[in-house]
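Each value in this text was obtained by applying a stated rule to the coordinates, not by laboratory testing. Just so it is clear, the structure is predicted and the values come from calculations on it, not from any experiment. Ideal geometry is used to build each Cβ from the backbone, glycine not excepted, and the neighbour counts take in all protein chains shown.
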Number of protein chains: 2
Amino acid sequence: MDGYFFEDLSVGQSASFGKTITEADILLFAGVSGDTNPVHINAEAAAASMFKERIAHGMLSASLISTVLGTRLPGAGTIYLGQNLKFRAPVKIGETVTATVTVTTLDAAKKRVTLTTVCTVAGKTVIDGEATVMVPSRA
Amino acid sequence: MDGYFFEDLSVGQSASFGKTITEADILLFAGVSGDTNPVHINAEAAAASMFKERIAHGMLSASLISTVLGTRLPGAGTIYLGQNLKFRAPVKIGETVTATVTVTTLDAAKKRVTLTTVCTVAGKTVIDGEATVMVPSRA
């Protein structure tokens, strides 16, 4: 494991992960989750919906937050305790989602860290929220 | 689309979706999300972790909540506005996760619905939280 230790973290520290959401991602996510809502997998039904075309599962974009937390900041060794999500806008096929996490509070007694978690497409927020994680101590 | 209309919903209404989490699910989820945290994909690193073996991504289990909301209750046509998640326990390969949502409040003015959202493995809670959705009106 090679993530940050609790002692290495400071308020304001930030990291990002970006990924283009392809049609293949949506199909694989539908298979893994079982979420076959027509707005994700049925082009005709999606065209008749308020979204006008197929959109990605909100949880697919949200999963990029977990990616940043588990692989970059704090990184491997992080224990995911909680996540709040507000879905602000849909993500369409071919759009690139960037998840950014920023440390906001550090609880040294419990080794808990809270981070704001924002997903954007071309600078526009599509998801925002907050994560709570526990991070190993160097000691 | 064939989900419930707002007028068809009542407090206490409930629905579930269960899925066994396989190694293939974890590998596909790692590919879709980019979350290659070793605790999910590296058996040796996971054996040395507090979990003792590979575990599923928390967001993979959480995605089953979206499945219930988007395909069963309220079903197709539902707009996902928000989700709070508390990760209570890890999910291991081969375990069957059941996501259950239960309507708790109905806001007729805004057509908004809140639901408790719980994921269990063999009756034990692994995730709990709350969802907020908007549901189309019959009118």
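Every other copy gets compared here: list the nm distances from the B:ASP2 label point (7 Å along Cα to Cβ) to its counterparts, shortest first, one decimal.
Copy-to-copy label distances for B:ASP2: 5.1 nm.
Let me check I've understood the local charge: for A:ASP128, count other residues with C-beta under 14 angstrom from its C-beta, Lys and Arg +1, Asp and Glu -1. What total comes out?
Working: positive: A:LYS86, A:ARG88, A:LYS124; negative: A:GLU130.
Residues close to A:ASP128 contribute a combined charge of +2.
How do A:VAL68, B:VAL133 rank when sorted from fewest to most other Cβ atoms within 10 Å of their own Cβ? Provide the component values of the computation, followed by the final result.
Values: A:VAL68 26, B:VAL133 23.
Listing A:VAL68, B:VAL133 from fewest to most nearby Cβ atoms yields B:VAL133, A:VAL68.
Report, in whole Å, the centroid distance computed from the Cα atoms of region A:7-46 and region B:88-133.
19 Å
In Å and from the alpha-carbon atoms only, list the Rg and Dmax of region B:34-139.
16.2, 57
When chain B is treated as a GNM, springs tying every alpha-carbon pair under 10 Å, which of B:LYS110, B:LYS92, B:LYS19 comes out with the largest mean-square fluctuation?
Highest fluctuation of the listed residues: B:LYS110.
From the label point of B:THR20, set 7 Å along Cα to the beta carbon, how far off in nm is each other copy's matching point, shortest first?
Copy-to-copy label distances at B:THR20, shortest first: 3.7 nm.
For B:THR125, which inter-copy label distances result when the label point lies 7 Å beyond Cα on the Cα-to-Cβ vector, reported in nm to one decimal and in ascending order?
So the label point of B:THR125 gives 2.8 nm to the other copies.
Taking square-rooted eigenvalues a ≥ b ≥ c of the alpha carbon gyration tensor, is the protein assembly as shown rounded, prolate or oblate, where a/c under 1.5 means rounded and, failing that, a/b exceeding b/c means prolate? Before the final figure, lay out each step's value.
Values: a/c = 1.64, a/b = 1.55, b/c = 1.06.
Verdict is prolate for the protein assembly as shown.
Among A:LYS92/B:LYS52; A:LYS52/B:LYS92; A:LYS92/B:LYS19; B:LYS52/B:LYS86, which pairs are too far apart, with a Cα-Cα distance over 29 Å?
Values: A:LYS92/B:LYS52 38 Å; A:LYS52/B:LYS92 38 Å; A:LYS92/B:LYS19 27 Å; B:LYS52/B:LYS86 21 Å.
Pairs exceeding the cut-off: A:LYS92/B:LYS52; A:LYS52/B:LYS92.
Identify all aspartates and glutamates with a Cα-Cα distance to B:LYS111 below 18 Å; exclude those on the same chain that are fewer than 8 residues away in sequence.
List returned: B:ASP2, B:GLU7, B:ASP8, B:GLU130.
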